[in-house]
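One structure below.
The values are calculated or read from the model by the stated rules, or taken from the named source; none is laboratory data. The structure displayed is predicted, hence computed values, not measured ones. Using ideal geometry, Cβ is built from the backbone for each residue, glycine included, and neighbour counts are taken over all protein chains shown. Heads up: the accessible areas ignore ligands, DNA and RNA and are worked out on the full protein's heavy atoms, side chains in. Shrake-Rupley method; radii C 1.70, N 1.55, O 1.52, S 1.80 Å.
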Amino acid sequence: MREFSRRNILAATAVAGATTAVSAAAKAAQFGNPDRPPEGDVNVKNRQALDEPGPQNRTLTSQFPSMGNPPPTDVNGMAMFWSSFNLAHKRVQDGGWARQVTQADFAISEAVSGVNMRLGPGGVRELHWHQQAEWAVMTDGKCRISVLDGDGRPAVRDVKAGDLWYFPPGLPHSLQGLGPSGAEFVLVFDNGRASEYNTLLLTDWMAHTPPKILAENFNLPVSAFQNNPVDDLWIYQGAEPPPLAQVQREVASPLGEPDLEFTFSTSDMAPTRQTRSGSVKVIDTRNFPISANIAAAVVTIKPGGLRELHWHPTADEWQYWVQGAGRMTVFNTGPAATTADFHPGDIGYVKKGLGHYVENTGSTDIVMIETFKTDRFAEVSLAQWLACSPRQMVAETLRMDPRLIEQISKSRPDIVPA
Ligand code: MN
Ligand code: MN
């Protein structure tokens, strides 16, 4: 019945649509409807051609209106730049879970891979290390991190929602969810092929080293290791940890603490740029010096706001959508332009140098985290470039009145309307 009613609505829409289609089709290959041959729903005169009589998963397709009905300015030919933790398989163990989107699942994601992890109160991500750098953002709760730097100096810190951490490649570390609600966070590895299920684990190395060697190495009797687990733990349910200050005293080394801080609080940071439509906070080696391989921006876009037309000259962009709903259009050579819809938990990926913009299509703020495999965030604004290019040339190229070109701001608002 519901489906039948929906069809009636579609039929009614089709009649209304047919009227606009005639006038739109007459404007084919004009500005706003540029393709030859014309692409997009506005160019379809017989509305029956738009039907989708074949099998459908309406729940799934309803999430992707811009894929199902692209704007007429979209033109085909681009690798998929949308993915999501929402459809990633979870590995669940006592203590927490993780799911990931690596290049194996998301071909475009060459520079970085992403992991979404949950540790309940006391849940531990086992002591481990890996060849890749690990950048992280806390999305919920509290977590305790421990790390040893390359000069043998330890650090233990507690982080909360909105905080970041960064472990340079190869440095050993642990994570533990704290009470009362545990922790959830997103990790970014600086290699698209890196997997959370393929790290160097303490338990694995101990179990695969002869006990005699262990005894010699640690100057302990062989019997000291007799209860070491035979299988790795990866994530396990631990006891509630002692207070932070106590643990910091326990691990304190005569060598002192690392020179660089491993954590960063985005909530304590003033926006790098703010307008009436949103804000951008840039976190890179200029304010978070340890983060040599990953730069980030925390972007807020208010309803009706637009993350302006821009690109990043030095690195691919990996986006994690924290809240809100929006759509992003990516522009490539060809020309190619593709629009995709994003929701919380989704991932967007834009190759280095490709133009893009993000519209807030919902009624709440978008919060989106952009990460880049680089030490310094860099961005080119289309508007700023035009405002700072020879005016006559811009006017000639775009066949626009030079007095209008002059009105384009030389500053870079990032989020418009400014
Ligand atoms: Mn790790
Ligand atoms: Mn961008």
Exercise for review: Give region 58-76 a look and list any residue that's buried (at least 16 other Cβ atoms within 10 Å of the Cβ), of a type in the set (Ser, Thr, Tyr) and not in a helix (DSSP H, G or I), or say none.
Suggested key: Thr73
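Every residue, every condition in (1) touching a helix residue (DSSP H, G or I) at 6+ places or on another chain (Cβ under 7 Å); (2) within 16 Å of ligand 2 (Cβ to nearest atom); (3) under 24 Å from Gly40 (Cβ atoms), yes or no:
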position	(1), (2), (3)
Ser279	no, yes, no
Thr285	no, no, no
Phe288	no, no, no
Val330	no, yes, yes
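Answer yes or no as to whether Ser109 is within 16 Å of ligand 2 (Cβ to nearest atom) and not acidic (Asp, Glu). Walk me through it before giving the result.
Details: within 16 Å of ligand 2 (Cβ to nearest atom): yes; not acidic (Asp, Glu): yes.
For Ser109, the condition - within 16 Å of ligand 2 (Cβ to nearest atom) and not acidic (Asp, Glu) - is met.
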Exercise for review: For His128, work out the one condition from (1) part of a strand (DSSP E or B); (2) within 16 Å of ligand 1 (Cβ to nearest atom); (3) surrounded by fewer than 19 Cβ atoms within 10 Å (Cβ to Cβ) it doesn't fulfil.
Suggested key: (3)
Review point. Does Thr371 qualify as being within 16 Å of ligand 1 (Cβ to nearest atom), in the same structural domain as Thr275 (by TED's automatic domain parsing) and within 25 Å of Arg276 (Cα to Cα)?
Key: yes
Practice item. Confirm whether Val247 is within 16 Å of ligand 2 (Cβ to nearest atom), closer than 20 Å to His128 by Cβ and either at pLDDT below 95 or in the same structural domain as Gln131 (by TED's automatic domain parsing) (or both). Key: no
Check your understanding: Scanning region 138-159 for residues that are within 21 Å of Ala270 (Cα to Cα) and out of contact with any Ser or Thr (no Cβ under 8 Å at 6 or more places or on another chain), which turns out farthest from ligand 1 (Cβ to nearest atom)?
Key -> Thr139
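From the list Thr364, Thr397, which residue is exposed (fewer than 14 other Cβ atoms within 10 Å of the Cβ), modelled with pLDDT of 95 or more and closer than 30 Å to Val115 by Cβ? Don't jump to the end; show me each part of the working.
On the way: Thr397 fails: closer than 30 Å to Val115 by Cβ.
It is Thr364.
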**Study point:** Filter result (in contact (Cβ under 8 Å) with a residue 24 or more places away in the chain, open to solvent by 40 Å² or more (accessible area, probe 1.4 Å) and within 15 Å of the chain's Cα centre (by Cα)) within region 326-351
**Key:** Arg327, His343, Lys351
**Study point:** Identity of the residue in region 210-225, assigned to a loop (DSSP other than H, G, I, E, B) and touching a helix residue (DSSP H, G or I) at 6+ places or on another chain (Cβ under 8 Å), that ends up farthest from His128 (Cα to Cα)
**Key:** Pro221
Study note, to complete from the structure: Residue pairs within 8 Å by beta carbon, gap of at least six or interchain, first lying in region 309-325 and within 20 Å of Thr338 (Cβ to Cβ), second assigned to a loop (DSSP other than H, G, I, E, B) and within 16 Å of ligand 1 (Cβ to nearest atom), listed first then second, are Asp316/Val112; Trp318/Val112
Practice item. Answer yes or no as to whether Met117 is of a type outside the set (Lys, Arg) and outside the structural domain of Ala161 (by TED's automatic domain parsing). Key: no
